[in-house]
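Below: one structure, written as structure tokens.
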Amino acid sequence: MKKVFVTGLSKTSTKSMTNFLNTSCKINIHHYPINDNLINRAIKNPSEENLKYISKIDGMSDIQVCAIYKELDKTFNAVFIHTFRDYESWIESYRKHISIRPTPKKKSMKGYLREKVYGTTSLDISSLRSSFEKYEIEIRKYFANKENFLAIHINEEKKEEKIYNFLIKNNIKVYEEITYPWIGKSKKWKEGQ
């Protein structure tokens, strides 16, 4: 079976997408963080030998995928679903998310991933904006004209239909059609402000 990787940055509905895919396709995609030392070793050092540890799971989502999506694409028969949102709403959500958490140590997995993907472990707005914009450009450029990539804006209408069509086209069985869940969505976001 093909693996499924969700390439959205943190706070782009990756947890909701993971839940949606796990329920609809009856697979087990791992959302960040993964508490498996061998998989974390593969993320920090995506050599062919280390990536074999990822072969035991159906897929992954969030920042860990953002760090190694090219290696995952070259190694596995997989599809990639990219969740995204505009920068202003992303930085507001990300700021709230990390403001209630301690700054991770750079040697920790969380610190390593934030440094690699965002260029900072803290709330350095300049670095975050630059990394956000660079990532969005690079991932689209890398997957341009590839059949195994789908980009979904988190506010997109009828996203379920688009996702199901993409999965079916890529020979991934859909067992149950459900409404897209909103896990962790703020009250302000739910009210459309």
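Under a Cβ-only charge scheme (Lys and Arg +1, Asp and Glu -1), can you give me the dipole magnitude of the chain about the Cα centre, in debye to the nearest 20? Can you show the working numbers first?
Working: 35 positive and 23 negative charges, 114 e Å.
Charge dipole, the chain, about its Cα centre: 540 debye, nearest 20.
Can you spot the aspartates and glutamates whose alpha carbon is less than 19 Å from residue 169's alpha carbon? Ignore those fewer than 8 places along the same chain.
58, 73, 147, 160, 161, 177
I'd like the Karplus ³J(HN,Hα) series for the stretch 176-182: coefficients 6.51, -1.76, 1.60, θ = phi - 60°, whole numbers in Hz, and an x wherever there's a Gly or Pro.
9, 8, 10, 7, 4, x, 10
Amide H of residue 103 versus every other amide H placed in the peptide plane: which residues, excluding those fewer than 5 positions away on the same chain, fall under 5 Å?
Here nothing satisfies the definition.
Once you order the gyration tensor axes a ≥ b ≥ c over the Cα atoms, which shape class does the chain get: rounded for a/c under 1.5, otherwise prolate or oblate by comparing a/b with b/c?
Numbers: a/c = 1.57, a/b = 1.10, b/c = 1.43.
Oblate.
Would you mind checking 44/173; 110/134; 70/96; 70/106 for any pair whose Cα atoms are more than 27 angstrom apart? Display every interim value, and only then the final one.
On the way: 44/173 31 Å; 110/134 20 Å; 70/96 29 Å; 70/106 23 Å.
Listed pairs above 27 Å: 44/173; 70/96.
Using amide H atoms built in the peptide plane, which far-off residues or other-chain residues are under 5 Å from residue 62 H to H?
Here 6, 8 satisfy the definition.
Is it possible to state the helix-based mean residue ellipticity at 222 nm for the chain, with each DSSP H run of 4+ residues giving -39500 (n - 2.57), the sum divided by total residues, to the nearest 500 deg cm²/dmol? What is it? Present the calculation step by step, with values, prior to reporting the outcome.
On the way: 9 runs with 94 residues, N = 193.
Here the helix-only value at 222 nm equals -14500 deg cm²/dmol.
Within 10 Å, count the other beta carbons around each residue, average over each peptide in 46-58, 135-147, and list them highest first. Before the final figure, lay out the partial values.
Numbers: 46-58: 14.8, 135-147: 12.7.
The packing order, highest mean first, is 46-58, 135-147.
Given Cα pairs under 8 Å that are at least 6 residues apart, what percent is the relative contact order of the chain? Can you show the working numbers first?
Details: 250 pairs, mean separation 57.3, N = 193.
For the chain, the relative contact order is 30 percent.
For residue 105, give me every one of the aspartates and glutamates with a C-alpha distance below 18 angstrom, ignoring sequence neighbours fewer than eight places off in its own chain.
Answer for residue 105, where 18 Å is the Cα cut-off: 115, 124, listed by chain and number.
Tell me, what is the per residue accessible area of the stretch 89-193 in Å², probe radius 1.4 Å?
Values: 6680 Å² over 105 residues.
Value returned for the stretch 89-193: 64 Å² of accessible area per residue.
So what's the net charge close to residue 48: Lys and Arg +1, Asp and Glu -1, counting the other residues with Cβ under 15 Å from its Cβ? Present the calculation step by step, with values, prior to reporting the outcome.
Details: positive: 41, 44, 52, 70, 74; negative: 49, 71, 73.
Once positives and negatives cancel, what remains is +2.
Helix check for the chain. Which DSSP H runs span at least 24 Å along their own axis by Cα, with a mean Kyte-Doolittle hydropathy no less than -1.0?
Result, helices passing both filters: 125-143.
Please list, in chain and number order, the residues 5+ apart from residue 82 or on another chain whose amide H is under 5 Å from its amide H, with Hs placed from the backbone.
Correct list: 7, 150, 151, 152.
Provide, as a two-decimal number, the C-alpha radius of gyration of the stretch 82-193 over 2.2 N^0.38 Å, N being how many residues it has.
The reported ratio for this selection is 1.25.
Need the C-alpha centroid separation for the stretch 20-55 versus the stretch 140-154, integer Å.
Spelled out, the Cα-based centre of one part sits 20 Å from the other.
The values are calculated or read from the model by the stated rules, or taken from the named source; none is laboratory data. Worth saying up front: this structure is predicted, and the values here are computed from it rather than measured. With ideal geometry, Cβ positions are generated from the backbone for all residues, glycine too; neighbour counts draw on all protein chains shown. Ligands, DNA and RNA are excluded from the accessible area calculation, which covers all protein heavy atoms including side chains. Shrake-Rupley method; radii C 1.70, N 1.55, O 1.52, S 1.80 Å.
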